[in-house]
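See below for the structure under consideration.
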Amino acid sequence: MTDPWSFDYGFLLRISEDALRVEALNEYLSSRSYLAGYGPSQADAEAFALLCRPPPERHVHALRWYKHIAALNDSFYIKQSHFGEKSVSCFSAKAKRVQPPWSPPEGTDVSKLHLYNSLTRTKEVFVPQKGNKVLWYCCGPTVYDASHMGHARSYISFDILRRILKDYFKYDVFYCMNITDIDDKIIKRARQNYLLEQYGEKKPSPSQILQDVLTARTPFKAKLAETTDPDKKQMLERLDAAVDAALGPLQMAEQSNAAGDTLQNQAQVLLEEAKDLLSDWLDSQFGSQVTENSIFSLLPKYWEGEYHKDMEALNVLPPEVLTRVSEYVPEIVAFVKGIVDNGYGYESNGSVYFDTANFDSCPAHSYAKLVPEAVGDQKALQEGEGDLSISADRLSEKRSQNDFALWKASKPGEPSWDSPWGKGRPGWHIECSAMAGSILGESMDIHGGGFDLRFPHHDNELAQSEAYFENDHWVRYFLHAGHLTIAGCKMSKSLKNFITIKDALAKHTARQLRLAFLMHSWKDTLDYSNNTMESAIQYERFINEFFLNVKDILRSPTDITGQLHCLSLKNKKTSVHEALCDNIDTRSALEEMRALVGQSNTYMAARRSAKLPPNRMLLQSIALYLTDMLKVTFGAIEGSEPIGFRVGGNGQNLESTVMPYLSVLSDFREDVRKIAREKKVTELLRLCDELRDDTLPELGVRLEDRDGLPTSVKLVDKETLLKEREEKKKMEDEKKKKKEEAARKKQEQEMAKLAKMKVKPSEMFQSETDKYSNFDETGFPMHDAEGKELSKGLAKKLRKLYEAQEKLYNEYLQSTQNGS
């Protein structure tokens, strides 16, 4: 301080306690420029000497002053002066001001993203290979049939992970996915569809259809008898039972010489039920004659188109790069050649196989990194090779049963391409290696796929890719989405036990399906059931109601009263962040968001009860945060609305368009209700209720009348409101039914009591001749039915009953005398 007398420190001497002295000093300095000038005054030095230690951090002004004076202590000479009985240090005013010492904060550990890596079967810290860029390859669908909920399980899950890495953790994600349009399943299905279509175009007679189905049933029965897998056997048995049920009516119609129309109808029913076994038989007879390559491309083109429609309907983002096997055959041939040249592949009868033993014997390589315990599982290996590639002659071509096809020599009835080894087609596993290698190079950060692809598909991918690139790190992090079951049962397209995505979307919205997935771990089994979906629907309804309430509050006149309590929001944001860092635990993240909404609802209810407006800024901040998480991070909200779920389709902002009109209507209705209550016009009140309960819900509008507060106006989809109305009516009916039941029981009890009251005490036991046989003059029993005298205990018990009835009877007589 430049003025030595501007600091009146005398008041400090009158305070004996250090804490109170510091508090008084802080208050004194808060209104003074205590750092003005270039040097400390004598008053500064004397006040400094009164303090035993630095003031606590909460006394900002005193602490800052203390640090400044202390910093000058080493730079200036000290002269002694006397102040009262204390000797104090006084600093020369000639000294130059210097900065006080600074200490860096200790800080805390920052949460890092961990991902469950199938290569280690543990959660690993995620570290991209090249700065912030993430190279990601995902196995796409084999397009030979409709996409089902098993596909949705993988692709919604990976869409969620991708969005979170990209939009939440801000990684530069490059996402590549393939379409498998050359595969044993596709070839067989395309051939069978073509042959069955040709069969139908020939318009076979009912007797011909009957004969052919009976012929086809013979090998089918043999296949059924040989099948040991219980799920597959059950599927075949269901198919056989359906065919058997359709055979009987046609056979009976033929035997009875039924009319032509009847025969034709029965034949068509049989043809529909038996198409699977009939197409199998046709394929075995004529499949080798199907040689036109275009036949094998039409089927995957159609189902790929349907797949993309399904993904768009599910709000799954398209990949940055989409590859098709049919467009990468030259690259696949070159990739196979590279593996052979490196010594890890061999040619046999026009096919090329991967030499697993030679690869595994190399010190730099290891086969089956993902599931080493599955090596030698012939069932899994043969499923990986495909139905058309496990014949005895094909299996005999391999040096080891563990070897797998890189390139398959095409048989008659199969599509083919030129290669150094002759006409052939790609193996299944090589497709992903060649396409991913062509786009992403010798190493990628993330490879994703379904849990059931770990072995042999992904293990074979790893082996052949590392054999081609001669490295041991083709994939750094392998992510596998969990299985999907249907009400606890295994789901499989080959077992005909699946629900298509279109069927699922007919029952639930894309948001509800995504919420169901978000509420479960992406790597664990998810059970698609009524309970699972009901939980998702309830979560959606809970969050949406919060959004509607906040939007209603924000439409009210501006009020910025109240303190902004954002600590809860900050804490929940931290909890959500920690959950997402922990293997992208969306389930815990959603629970933290639910808790935040619950706290907000409690706060709004408390303000509403107190007839006070809530803090708009606080609620708006929470609603914006939740909307951003659900929209940008999780992909559960479409549209451009800043808060909440979109109302109305085709990109319309329905809320901004109609809400002004609805607000006018609501205000008008409120005025009418007020007048009707004052004038006691019940008919007007009834019409106002009818508008709220019957008319507006049909238009997707909910009015909520609130005591002492303006009516709340909310836009909700019509189906939800109608369901709410139905549930409300159901509850009211149940309440009415319970009330009527209670009234009936009460009446019955009163009638029973009245009937009991009418019985004279002297007659109450005399009718029970099966229990008693002798009575005194008052009608009280003396002996039991066998003539034995009643025991004292029983007599005492009966006496109490007698006296109680006597009291009831007297009450009855009294009521009749009073005329009641």
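Remark: the E124-D172 segment gains 15.3 nm on full extension, using 0.36 nm per residue and subtracting the alpha carbon distance.
The I15 and R58 beta-carbon pair, evaluated with R₀ = 22 Å, returns a calculated FRET efficiency of approximately 0.80. Residue pairs exceeding 30 angstrom between C-alpha atoms, taken from K736/K758; K502/K523; K221/K301; K502/K570; K570/K723; K523/K728: K736/K758; K221/K301; K502/K570; K570/K723; K523/K728. Overall form of the range 320-481: rounded. Here a/c, set by the Cα gyration tensor axes a ≥ b ≥ c, is under 1.5. When only the Cβ of Lys, Arg, Asp and Glu is charged (+1, +1, -1, -1), the dipole of the range 759-819 relative to its Cα centre reaches about 300 debye. The candidate values were (1) 64; (2) 44; (3) 60; the one computed from these coordinates for percent of Cα pairs over 39 Å apart carries the label (1). Taken about its Cα centre, the chain carries a charge dipole of about 3240 debye when Lys and Arg each add +1 at the Cβ and Asp and Glu each add -1 at the Cβ.
Heavy-atom surface analysis with a 1.4 Å probe gives the chain a carbon and sulfur content of 52 percent of its accessible area. Our summary gives the range 759-819 a relative contact order of 29 percent, counting only alpha carbon pairs under 8 angstrom and 6 or more residues apart. Computed extension length for S609-V321: 98.1 nm, one decimal, from 0.36 nm per residue of separation with the Cα-Cα distance subtracted.
When the square roots of the Cα gyration tensor eigenvalues are ordered a ≥ b ≥ c, the ratio a/c for the range 383-437 is 1.5 or more and a/b does not exceed b/c, which makes its shape oblate. With both labels modelled 7 Å from their Cα along Cα-to-Cβ, the S30 to C489 distance reads 7.3 nm. Show which lysines lie in cross-link reach of K67 when reach means a straight Cα distance below 21 angstrom and same-chain residues fewer than eight apart are skipped. Partners found: K79, K94, K96.
Rolling a 1.4 Å probe over the protein heavy atoms gives the range 759-819 an accessible area of 71 Å² per residue.
Remark: the range 654-716 carries 60 Å² of accessible area per residue (probe radius 1.4 Å; ligands, DNA and RNA excluded).
Distance between the pseudo-spin-label points of V98 and T720 (7 Å out from Cα toward the beta carbon): 6.7 nm. Extension gain, T228 to K735, is 177.0 nm, computed as 0.36 nm per intervening residue step minus the present C-alpha separation.
Take every pair of alpha-carbon atoms less than 8 Å apart whose residues are at least six positions apart; their mean separation over the length of the chain yields a relative contact order of 11 percent.
For the range 117-186, the solvent-accessible area of protein heavy atoms averages 31 Å² per residue (probe radius 1.4 Å; ligands and nucleic acids excluded). For the range 654-716, what class follows from the C-alpha gyration tensor (a ≥ b ≥ c being the square roots of its eigenvalues): rounded when a/c is under 1.5, otherwise prolate if a/b is larger than b/c, else oblate? It is prolate, given that a/c is not under 1.5 and a/b is the larger ratio. The relative contact order of the range 320-481 comes to 29 percent, based on Cα pairs under 8 Å that sit 6 or more residues apart. Per-residue ellipticity at 222 nm, computed for the chain from helices alone with -39500 (n - 2.57) per DSSP H run of at least four residues, works out to -16500 deg cm²/dmol.
If I take R0 = 22 Å and measure r between the Cβ atoms of Q255 and K203 in this structure, what FRET efficiency does the formula 1/(1 + (r/R0)^6) give, to the nearest 0.05?
Result of the calculation: an efficiency of 0.45.
Loop sites here are chymotrypsin sites (Phe, Trp or Tyr not before Pro) outside DSSP states H, G, I, E and B with no more than 13 other Cβ atoms within 10 Å. The longest part of the chain free of them is 103-820.
The values are calculated or read from the model by the stated rules, or taken from the named source; none is laboratory data. Quick caveat: nothing in here was measured; it's all calculated off a predicted structure. Cβ: placed from backbone, ideal geometry, glycine included. Neighbour counts: every protein chain shown. When the accessible area is computed, the model is the full protein with side chains, heavy atoms only, and any ligands, DNA or RNA have been set aside. Shrake-Rupley method; radii C 1.70, N 1.55, O 1.52, S 1.80 Å.
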